[in-house]
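Just below is one structure, and these are the notes that go with it.
The numbers here are math on the coordinates, done by the rules we state, and not lab data. Because the structure is a prediction, the values reported are computed rather than measured. Here the Cβ positions follow ideal geometry from the backbone for every residue, glycine too, while neighbour counts run over all protein chains shown.
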């Protein structure tokens, strides 16, 4: 296993050295290509900044107004019937909106219930098996100029629901 540790230690530095070397050997002007890429990345950042601010402000208002708790309480009968612990409801509501917000929710679950608890494990698996659907729609679609992402919203949210259900199934299979 020492070779595996050495390989993982040197994987990223090796790629950082080999990719520009390979490009140079292929005749690519490496520095010029890097500067062009950085320039394009900066343009994308400026372009998506209003979308980022909008979603972060909306999430802050949603959370601080108590609406998040109200939504969690409203869907509690359904999630209880399905077998979802009520402690993960805030995570299920926040995850489609914000990666950092859902990470904070998982951190709270781990802090409150312990890292080896079923609730904490379920939260961690849910975090990894779903996506930030609204973030993707606003930021990524906004950066490429998609103006009507409505056809992506329903499949994205259905994917999140399937991810939540698969996380519950997997956690029950492994840890209950």
Helix axis angle, 2-25 relative to the chain longest principal axis, alpha carbon, degrees: 50 degrees
Estimated FRET transfer efficiency when R0 is 41 angstrom, pair residue 53-residue 76 (beta carbons, to 0.05): 0.80
Full-stretch length increase - residue 144, residue 9 - with 0.36 nm per residue and alpha-carbon distance subtracted: 45.1 nm
Hydrodynamic radius (Kirkwood) for the range 57-133, which is based on Cα pairs only, to one decimal in Å: 12.5 Å
Nearest-ten-degree value, helix 30-64 long axis tilted from longest Cα axis of the chain: 20 degrees
For 171, 45, order by how many other beta-carbon atoms lie within 10 Å, fewest first: 45, 171
Kirkwood estimate for the range 1-47, i.e. one over the average of 1/r between Cα atoms, Å: 12.7 Å
Simple spin-label estimate for residue 21 and residue 153 in nanometres, 7 Å along Cα-Cβ: 5.1 nm
The chain, relative contact order in percent, only Cα pairs under 8 angstrom and at least six apart counted: 19 percent
log10 of Debye I(q)/I(0), alpha-carbon scatterers only, for the chain at 0.12, 0.13, 0.18 Å⁻¹: -0.78, -0.86, -1.13
